[in-house]
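The values are calculated or read from the model by the stated rules, or taken from the named source; none is laboratory data. Please read these numbers as outputs of a predicted model, since none were measured by experiment. All Cβ positions, even for glycine, are placed from backbone atoms using ideal geometry, and neighbour counts span all protein chains on display.
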Amino acid sequence: YTFSDWTWLLAGGFTFAPSLLLWAWSLTQTNVANSTILHNMIPIFTALGGWIFLSLRFDRRFLIGMAITIVGAITIGADDIQVDLEHFTGDLAAFASAILFGAYYLLIEKLRSKFSATTILLWTCISGSLFTLPIALFTEDHILPFSWEGWLSIIGLAVIAQVLGHGFVTYSLKTFSSGFVALCFLLEPVITALIAWGLFSEQLTIISWIGFSIVLLGLYLAQSSPSIQKASN
């Protein structure tokens, strides 16, 4: 590998790790609705960054679909939004996490033109761990779980969320633009709410169902755009 290769590979973890930390910290400083809505601005920064730095071009259909999807995601949590100075720090952290996540997707898209998904995922985890470990050692009394339930949770997060989840995301960036992949993440609140409704009998309001429908409509428009696929494919 060249020095430039190492720089780009390590940069993945050094954007991914702080984005997760900022998002998690924002949830302790503001309410869930504010944090989620601001964090859901990721597609805007990803598409904007792709246009500026990677010369990506998105047609009107994709941009309209993206706007509709974001409106739908905001609608889902609209009832719980709180606007006040008390939550400003947490809101700012969630906003910053969206910018960093957008940068992360752009980095991975650039790396996929040269490296395999496995290589990128490996070095993202290594560099992310190098960033996170000193913070954990400084801020936490214990960084390892004491019970087998704790270990199962950690292993589950590593295998399901990181290896499988982010592995599929990294793999998909060979075919699809980072803007579209980031947009697909706005399905998270829809899927989460439907699982909670089905498994835990949580109530969904009319506003929630309207939001779900808007998100799906926006994604349908966006995925029908030719600009979501790489020109090389």
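Output the residues belonging to the range 110-132 that are farther than 17 Å from residue 15 by Cα, not in a helix (DSSP H, G or I) and not aromatic (Phe, Trp, Tyr). 113, 114, 116, listed by residue number. Looking across the range 29-57, the residues that are hydrophobic (A, V, I, L, M, F, W, C) and surrounded by fewer than 20 Cβ atoms within 10 Å (Cβ to Cβ) come down to 32, 33, 44, 48, 51, 52, 53, 54.
Give the residues of the range 172-186 that are touching a Phe, Trp or Tyr at 6+ places or on another chain (Cβ under 8 Å) and within 15 Å of residue 67 (Cβ to Cβ), sorted by residue number. If you could, list the steps in order and put the result at the bottom.
Applying the first criterion (touching a Phe, Trp or Tyr at 6+ places or on another chain (Cβ under 8 Å)) to the range 172-186 yields 173, 177-182.
Those that are touching a Phe, Trp or Tyr at 6+ places or on another chain (Cβ under 8 Å) and within 15 Å of residue 67 (Cβ to Cβ): 179, 180, 182.
Note on the range 197-222: residues that are over 17 Å from residue 73 (Cα atoms) and either part of a helix (DSSP H, G or I) or modelled with pLDDT of 90 or more (or both) total 4.
Assigned to a helix (DSSP H, G or I) and either in contact (Cβ under 8 Å) with a residue 24 or more places away in the chain or within 19 Å of the chain's Cα centre (by Cα) (or both): is that true of residue 63 in this structure? Talk me through it step by step, then tell me what you get.
Details: assigned to a helix (DSSP H, G or I): yes; either in contact (Cβ under 8 Å) with a residue 24 or more places away in the chain or within 19 Å of the chain's Cα centre (by Cα) (or both): yes.
Yes: the conditions hold for residue 63.
Inside the range 190-215, residues that are within 24 Å of the chain's Cα centre (by Cα) and in contact (Cβ under 8 Å) with a residue 60 or more places away in the chain make up a count of 10.
Give the range 117-147 a look and list any residue that's hydroxyl-bearing (Ser, Thr, Tyr) and surrounded by 10 or more Cβ atoms within 10 Å (Cβ to Cβ), or say none. Steps first, answer last, please.
Our first condition is that a residue be hydroxyl-bearing (Ser, Thr, Tyr); within the range 117-147, this holds for 118-119, 124, 127, 129, 132, 139, 147.
Selection gives 118, 119, 124, 127, 129, 132.
The set of residues in the range 148-175 that are surrounded by 18 or more Cβ atoms within 10 Å (Cβ to Cβ) and outside any helix (DSSP H, G or I) contains only 173.
The selection criterion, being in contact (Cβ under 8 Å) with a residue 12 or more places away in the chain, of a type outside the set (D, E, K, R) and in contact with a Leu (Cβ under 7 Å, 6 or more places away or on another chain), does not hold for residue 90. Count of the range 48-69 residues, restricted to those that are in contact with a Leu (Cβ under 7 Å, 6 or more places away or on another chain) and hydrophobic (A, V, I, L, M, F, W, C), is 5. Residue 111 fails exactly one of the following numbered conditions: (1) over 25 Å from residue 42 (Cα atoms); (2) hydrophobic (A, V, I, L, M, F, W, C); (3) in contact (Cβ under 8 Å) with a residue 24 or more places away in the chain. What is the number of that condition? Of everything listed in (1) over 25 Å from residue 42 (Cα atoms); (2) hydrophobic (A, V, I, L, M, F, W, C); (3) in contact (Cβ under 8 Å) with a residue 24 or more places away in the chain, residue 111 misses just condition (1). For the range 20-43, the candidate set comprises residues that are of a type in the set (Gly, Ala, Ser) and touching a Gly at 6+ places or on another chain (Cβ under 9 Å); within that set, the residue that is modelled with the lowest pLDDT is 33. Within the range 80-109, the set of residues being assigned to a helix (DSSP H, G or I) and more than 18 Å from the chain's Cα centre (by Cα) comprises 80, 85, 86, 87, 88, 89.
Against the definition (aromatic (Phe, Trp, Tyr), surrounded by fewer than 22 Cβ atoms within 10 Å (Cβ to Cβ) and without any contact (Cβ under 8 Å) to a residue 40 or more places away in the chain), how does residue 25 come out, yes or no? Write out each step before concluding.
Working: aromatic (Phe, Trp, Tyr): yes; surrounded by fewer than 22 Cβ atoms within 10 Å (Cβ to Cβ): yes; without any contact (Cβ under 8 Å) to a residue 40 or more places away in the chain: no.
No; evaluated as a whole, the condition is false for this residue.
Summed over the range 1-53, the residues that are closer than 23 Å to residue 122 by Cβ and in contact with an Asp or Glu (Cβ under 8 Å, 6 or more places away or on another chain) give a count of 0.
What residue, among those in the range 60-111 that are among the charged types (D, E, K, R) and at pLDDT 90 or above, is surrounded by the fewest Cβ atoms within 10 Å (Cβ to Cβ)? The residue in question is 60.
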